[in-house]
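Let me begin by presenting the structure, written as structure tokens, before commenting on it.
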Amino acid sequence: MIDVRANSGLRSKHNEAATLVAQMTLEEKARLASGRDFWHLDGCERLGLAPVMVTDGPHGLRKQATGGDHVGLNRAVPATCFPTASGLAATWDLGLLHEIGVALGEQCVAEDVAVLLGPGMNIKRHPLCGRNFEYFSEDPLLTGELAAALVNGVQSQGVGTSIKHFAVNNQELGRMYVDAIVDERTLREIYLRGFEIAVKKAQPWTVMCAYNRVNGVYCGEHDWLLNRVLRDEWGFEGLVVTDWGATNDRVAGVTSGLDLEMPASGGINDRRIVRAVTNGELAESDLDRMIERNVALALCGADTVARRAPVDHDAHHALARRAATQSAVLLTNDGVLPLAPAARISVIGAFAKTPRYQGTGSSQVNPTRLDCAFDALAAALPEAELNYAPGYEAEFSPEDAALINAAATTASDADVAIVFAGLPVTFESEGFDRSHMDMPAQHNRLIEAVCAAQPNTVVVLANGAPVAMPWVEQPRAILEAYLGGQAGGSAVVDLLLGVANPSGKLAETFPLAQSDVPADKHFPGANRQVQYREGLYVGYRYFDTAGADVLFPFGHGLSYTTFEFDALDVAQIDDALQVSFALRNAGARVGAEVAQVFVHKVDDEARVWRPQQELKAFARCELAPDEREDLRLAIPLERLAIFDPGQSCWMLQPGEYEIRVGASSRDIRLTARVTLHSEHAPSAALTIPGPRLAPGAFDVGDETFAAMLGKSVPPPEPERPYHMNSSLLEIGNQGWFGRRFKARVVTEFRRNMGISDGADPTLARMFEEIANHMPLRSLALFSGGKMNFEQLEMVLSVLNGRYLRALRQAFASRSESRGESRDSARVDRDKRESGE
Ligand code: BGC
């Protein structure tokens, strides 16, 4: 099924690339260190190397025909919008993810796109991360397996992918500079694990490094992350590209494992590279090694472009519908679903006619079609009488009692009511985090009012991340439809009517309240820093260890049929545990169950801290009524290993393990024990510190966190003196000059991005947040050469009250710029000629 040829990707082009690089001048090489424009890698006309296009991703193609931006302002060419990653993850279906990958790859080929920028695979540390809708799960195994399947699908078409954002990018606030402070065990076992799986199983052509810092170092110059872990340990053969505008120190990036800076930055950093090589700061051989990878990518991309072929959009829409059907999770159902034939159905909620189907930002797709649930229901039930009330305004949903009253009256005059509710588009976006877990008050009140007026009420939710449900007991059924993509409307109707059987399972815990989330006290952090004090206690790893109540547990999802688990047997064969059991469909409908295998260490020594249980294998299995299947899942022993930060290695604790097989982390049906003997066990008694659970709200003190880190907790970062990574928000706090400077920059930025006063409110909010948290250095990178680092240094001197220094810099910069403009004329000219 998987085309291995395509997966050999960049490696197959390395010799050809090396031959080309050997013929290039220093300036030609430096030019290839950054993009040609917003979406293209640069080429080298003299040597016949053409520029190639890369573009977003992840759940559909966002190819901007004119005007590039990284937040979805300019419209893209039509493409199939699949469900976003939260929904795709709820399918737990690796075959489906591969199929979607193939479809995405076909669309890339049709549009001359060499690399799709996705999938996003950051861990859902906290339900409020603004981009959770774009990420898969709170669990690294599930994340990694899903990402690998999607990557293999895309790359089977000879199109590259960019797994992102590497690494520890789990929030939007301050994403361009925040320092994530994480202990190494947590890094390895939670935040890097998914990437490791995807790299080892799929060799993505590229990895996109995140904007943020990890333990004090920007990801784009993180030698340990990019060279040691990604390349040396995992064997990554592709190229590391920056997130758009993530470059901090470009020259340091060359030796630290960063290959390509995106987007173009007016040649500013290319000139720095030339200078560094010329003055001996950077070895040309290091630059060559890096450029060879960039050239290899361009060569692979040229092959993609040469194969241009049309796409079957109808077939892709049908696939999007199947994906949306599998993405939806039936959270509760007292038997009202599937709906019995009803004469009068009340459809409540503006989302029924104006679907909420994707998130805002760089992943925003311009769909080829858009199904709405109301039309799909009307088409499926031509005989039924449908009445409709909007209940709220789709975009903002301000409180409006009249709309609620009208909806309740409409609902009472029917046999059954279906309420479509959730999070409006203004609540979930790239660029900012959600401020609370609540749905708009208008949606909550609407549900309560309709449930009071109509005893047969079903709620269908559209949202990309968990929400609080104060009304959870009131409706007869709740279907979590996530952000279902362009065919989500018809998929929901298929499920409500029983044409399809729900099979989605939550890939994340739905907590009862935000304050229950283990990371909550340290999300999104303060003083430019976010401390991951909760360590491994992410999602169910915490809730199941603490035995805390949740709204819906990890892995939960109901079906219209029932499944029986039976005959568990576990044996260690060579380097794996073989877990066999039988699954039977004991109901009357065809349906699919996701069998989840958790592992619990039984005789754990108190000195080694670990969560109560962890997901180690899973399988989705579709069965006809009464059909029984014998499943055999292998758990490689290395999956049971834990990372010992003291010795800096993985190790397998010998002893007894309990294997738990079930339908969710809280619905374990079978257990068995096995004793492991390990050659990789530690010789001395091992001690690994971690947070202990104690009665009351979860928190981790300085002493424990320092023990986890193996050093004292880094102090909060002072705001002053200002520096290249100070944000515009911070600078704007600094007196008259700071305020004026920020205002000027924001006005210019707004004008460049085409944000007018009457702009779409989500875009306006996203813009404001992005502008506020933009570091000073980005002004040089994003201004296309209008502002340079020397000018920014002067600004900093003024902001820091060092006026004489500012004057000296002004004089020096005038004479320097005269010399430099001569030196860099070739680089500039080349960039201009190439259309930048
Ligand atoms: C996002 C990336 C995206 C890139 C290009 C950035 O703002 O973080 O996920 O691929 O823009 O649009």
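Things worth noting here:
- Answer from GLU138, GLU196 - the residue that is farther than 28 Å from PRO775 by Cα, in contact (Cβ under 8 Å) with a residue 40 or more places away in the chain, outside any helix (DSSP H, G or I) and away from the ligand (no atom under 13 Å from the Cβ): GLU138
- Residue among LEU173, LEU116 that is in contact with an Asp or Glu (Cβ under 8 Å, 6 or more places away or on another chain), closer than 20 Å to VAL240 by Cα and of a type in the set (A, V, I, L, M, F, W, C): LEU116
- Residue within the stretch 651-668 that is touching a His at 6+ places or on another chain (Cβ under 6 Å), modelled with pLDDT under 95 and surrounded by 16 or more Cβ atoms within 10 Å (Cβ to Cβ) present: yes
- Test: SER726 is among the polar types (S, T, N, Q), modelled with pLDDT of 95 or more and closer than 18 Å to SER778 by Cβ: yes
- Residue pairs whose Cβ atoms lie under 9 Å apart, sitting 6 or more positions apart in sequence or on different chains, and linking a residue in the stretch 361-382 that is under 28 Å from GLY130 (Cα atoms) and within 16 Å of the ligand (Cβ to nearest atom) to a partner that is among the β-branched types (Val, Ile, Thr) and in a loop (DSSP other than H, G, I, E, B), are GLY361/VAL71; SER362/VAL71; SER363/THR84; GLN364/VAL71; VAL365/THR80; ASN366/VAL77.
- Where GLU27 falls short, out of the listed (1) part of a helix (DSSP H, G or I); (2) farther than 30 Å from ALA65 by Cα; (3) at pLDDT 95 or above: (2)
Residue-by-condition table, conditions (1) in a loop (DSSP other than H, G, I, E, B); (2) touching a residue at least 24 places away in the same chain (Cβ under 8 Å); (3) at positive phi; (4) surrounded by fewer than 22 Cβ atoms within 10 Å (Cβ to Cβ):
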residue	(1), (2), (3), (4)
GLY280	yes, no, yes, yes
ARG289	no, no, no, yes
HIS316	no, yes, no, no
LEU331	no, yes, no, no
PRO338	yes, yes, no, yes
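- Test: residue in the stretch 379-391 that is among the small types (Gly, Ala, Ser), under 37 Å from the mean Cα position of the chain (by Cα) and closer than 24 Å to CYS81 by Cα: yes
- Picking from residues in the stretch 348-360 that are touching a Gly at 6+ places or on another chain (Cβ under 8 Å) and in a loop (DSSP other than H, G, I, E, B), the one that is nearest to the ligand (Cβ to nearest atom) is GLY359.
- Test: residue in the stretch 205-216 that is more than 16 Å from the ligand (Cβ to nearest atom) and of a type in the set (Lys, Arg): no
- Inter-residue pairs, beta-carbon under 6 Å, first free of Cβ contacts under 8 Å to residues at least 12 places away in the same chain and in the stretch 418-435, second surrounded by fewer than 24 Cβ atoms within 10 Å (Cβ to Cβ) and not in a loop (DSSP other than H, G, I, E, B), 6+ apart: none
- Check on ALA771, surrounded by fewer than 18 Cβ atoms within 10 Å (Cβ to Cβ), within 36 Å of the chain's Cα centre (by Cα) and part of a helix (DSSP H, G or I): no
- Residue check, VAL538 touching a Lys or Arg at 6+ places or on another chain (Cβ under 7 Å), assigned to a loop (DSSP other than H, G, I, E, B), among the β-branched types (Val, Ile, Thr) and at pLDDT 95 or above: yes
- Candidate set from the stretch 239-278 (those that are within 16 Å of the ligand (Cβ to nearest atom) and among the hydroxyl-bearing types (Ser, Thr, Tyr)); member that is surrounded by the fewest Cβ atoms within 10 Å (Cβ to Cβ): SER265
- Checking each residue in the stretch 80-102 for being buried (at least 24 other Cβ atoms within 10 Å of the Cβ) and hydrophobic (A, V, I, L, M, F, W, C) picks out CYS81, PHE82, ALA85, LEU88, ALA89, ALA90, TRP92, LEU97, ILE100.
- Residue within the stretch 135-148 that is in contact with an Asp or Glu (Cβ under 8 Å, 6 or more places away or on another chain) and aromatic (Phe, Trp, Tyr) present: no
- Residues that are under 24 Å from ALA477 (Cβ atoms) and surrounded by fewer than 24 Cβ atoms within 10 Å (Cβ to Cβ) within the stretch 409-429 comprise THR409, THR410, SER412, ASP413, ALA414, ASP415, VAL416, listed in sequence order.
- Count of the stretch 451-489 residues which are touching a Leu at 6+ places or on another chain (Cβ under 9 Å) and of a type in the set (Ser, Thr, Tyr): 1
- Each residue in the stretch 370-426 was checked for being under 13 Å from ALA342 (Cα atoms) and either of a type in the set (Phe, Trp, Tyr) or not in a helix (DSSP H, G or I) (or both), and 13 pass.
- When restricted to residues that are part of a loop (DSSP other than H, G, I, E, B) and more than 15 Å from the ligand (Cβ to nearest atom), the stretch 37-48 contains 3.
- Filtered by the rule that a residue be assigned to a strand (DSSP E or B) and either more than 26 Å from SER137 (Cα to Cα) or within 12 Å of the ligand (Cβ to nearest atom) (or both), the stretch 49-88 gives LEU49, MET53, VAL54, THR55, ASP56, ARG62, GLN64, ALA76, PRO78.
- Residues that are of a type in the set (A, V, I, L, M) and within 14 Å of the ligand (Cβ to nearest atom), drawn from the stretch 149-167: ILE163, ALA167
- Residues in the stretch 103-123 that are away from the ligand (no atom under 16 Å from the Cβ) and within 27 Å of PRO636 (Cβ to Cβ): there are none.
- Given (1) away from the ligand (no atom under 14 Å from the Cβ); (2) assigned to a helix (DSSP H, G or I); (3) more than 25 Å from LEU652 (Cα to Cα), number of the condition GLY220 does not satisfy: (1)
- Every test in (1) out of contact with any Ser or Thr (no Cβ under 7 Å at 6 or more places or on another chain); (2) closer than 23 Å to CYS108 by Cβ is passed by THR186 save one, and that test is (2).
The values are calculated or read from the model by the stated rules, or taken from the named source; none is laboratory data. Small disclaimer: the values here were computed from a predicted structure and weren't measured. Glycine gets a Cβ as well: all are built from the backbone with ideal geometry, and neighbour counts include every protein chain shown.
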